[in-house]
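K.L.:
Quick one: this structure, given as C-alpha cells, is what I'll be asking you about.
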Amino acid sequence: MNRPAGTGPLRRLVVLRHAKSARPEGVEDHGRPLAPRGLRDAPAAGRALAAGTLPDLALCSTAVRARRTWELASAEWATPPPVRYEPRLYAAGVRQLLEVVREVPADVRTLLLVGHNPGLEELVQALAADGLDDTLDRVRAKFPTAAIAVLAWHGTGWPDLAPGVALLTSFTVPRGTRKKG
C-alpha cells in the first residue's frame, strides 16, 4: 500500500451498487424500479454478502432501485442490520460519499453502502491503495450493477477513512438465475 497502515481496529467498508434498474417511460430517475434481472441479482448479492462478513449498519440511497436492492439483499440474512436511508447518497460523488461515511459512529466496524455509479466506483478507486489479486484492475475495468467491493483498513473511527488508506480485499458481481419455464 502507498500509505502507512493506520492504527485502530480493522474496519470494512462494503460497497454495493444497486441491482439493474428499469427505465419506464414517465418515471423520473429517483423513482426507477428494478428490472427483472435486478430482481434476480439483488437476492444473489444478499447471499454473497451473507457468505462473507455482514455489516453492523447499512446506509442506503433513497432512490427506489437502491432501496429495493437493499430490501431483497437483506431478506437473505437471518438478522439484517439496521439501515439508514440517506438522501445524500443519491447522485453523490466521492467527496459527498466520504462526508456521509465519516459521520458513522465508531462502534460500527463493518459498514454497507448501497448506492450508485459513478460515485461508488470512484470511491472504491480513491480509497484503495492496493487490491488483492486482480480486484483493483477489475474495478477499474467495470463496476456493474449489483457489484460488491469490500475495502479493509485500520482506524479509530470513520473520520480516519481517507483516499489511499484501504486495501480492496474482494470484488464480486453476483448474478441470480432465471427461472425455467
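Bear in mind that the values in this text are calculations on the coordinates, not laboratory data. Quick caveat: nothing in here was measured; it's all calculated off a predicted structure. A quick note on method: Cβ atoms are made from the backbone with ideal geometry, for glycine too, and the neighbour counts reach across all protein chains shown.
K.L.:
Pick from V114, V27, V150 the residue whose mean-square fluctuation is largest in a GNM of the chain, springs joining Cα atoms under 10 Å.
P.N.:
Maximum fluctuation in the GNM of the chain, among the listed residues, is at V27.
K.L.:
Still on this structure, I have one more. Would you compute, from DSSP H runs of 4+ residues alone, the mean residue ellipticity of the chain at 222 nm, taking -39500 (n - 2.57) per run and dividing by the full residue count, rounded to the nearest 500? Before the final figure, lay out each step's value.
P.N.:
Numbers: 5 runs with 50 residues, N = 181.
Helix contribution divided over all residues of the chain: -8000 deg cm²/dmol.
K.L.:
Please report the relative contact order for segment 1-147, taking Cα pairs under 8 Å with a sequence separation of at least 6, and give it as a percent rounded to a whole number. Provide the component values of the computation, followed by the final result.
P.N.:
Working: 246 pairs, mean separation 48.6, N = 147.
Once divided by the residue count of segment 1-147, the mean separation gives 33 percent.
K.L.:
Still on this structure: Only bridges with both residues in the chain count here: give the DSSP antiparallel percent, nearest 5.
P.N.:
45 percent
K.L.:
Mind listing which trypsin sites (Lys or Arg not before Pro) in segment 53-145 are in a DSSP loop and have 16 or fewer other Cβ atoms within 10 Å?
P.N.:
R102, R109, K142
K.L.:
Segment 1-109: which chymotrypsin sites (Phe, Trp or Tyr not before Pro) are DSSP loop and have at most 15 other beta-carbon atoms within 10 angstrom?
P.N.:
Values: sites: W70, W77, Y85, Y90; in loops: W77, Y90.
Taking segment 1-109 and a limit of 15 other Cβ atoms within 10 Å, the loop chymotrypsin sites (Phe, Trp or Tyr not before Pro) found are W77.
K.L.:
What GluC sites (Glu not before Pro) in segment 1-77 are in a loop by DSSP, with at most 10 other Cβ atoms within 10 Å of the Cβ?
P.N.:
Details: sites: E25, E28, E71, E76; in loops: E25, E28, E76.
Counting only loop positions with at most 10 other Cβ atoms within 10 Å, the GluC sites (Glu not before Pro) in segment 1-77 are E25, E28.
K.L.:
Find the Cα radius of gyration of segment 45-142, compare it with 2.2 N^0.38 Å by division, and give the number to two decimals. Each step should come with its number before you reach the end.
P.N.:
Values: Rg = 13.5 Å, N = 98, 2.2 N^0.38 = 12.6 Å.
This ratio for segment 45-142 stands at 1.07.
K.L.:
Name the most mobile residue of V165, V104, V124, meaning the one with the largest mean-square fluctuation, in a Gaussian network model of the chain with Cα contacts below 10 Å.
P.N.:
In this elastic network of the chain, the residue with the biggest mean-square fluctuation among V165, V104, V124 is V104.
K.L.:
For all pairs of alpha-carbon atoms in the chain, what percent lies in each bin of width 10 Å, listed from the first bin to the last filled one?
P.N.:
10, 40, 37, 11, 2, 0
K.L.:
What is the local net charge at G38, summed over the other residues whose Cβ is closer than 9 Å to its Cβ (Lys, Arg +1; Asp, Glu -1)?
P.N.:
On the way: positive: K20, R37, R40, R65, R68; negative: D41.
My count for the surroundings of G38 gives +4.
K.L.:
Counting only other residues whose beta carbon sits under 13 Å from that of W158, what net charge do I get with K and R as +1, D and E as -1?
P.N.:
Working: positive: R11, R12, R102, R109; negative: D56, E99, E103, D107, D160.
So the surrounding residues net to -1.
K.L.:
Can you tally the net charge around D56? Count Lys and Arg as +1, Asp and Glu as -1, for every other residue whose Cβ sits under 13 Å from the Cβ of D56. Intermediate values should be presented prior to the final figure.
P.N.:
Values: positive: R11, R12, R84, R109; negative: D107.
Within the 13 Å Cβ shell, the charges total +3.
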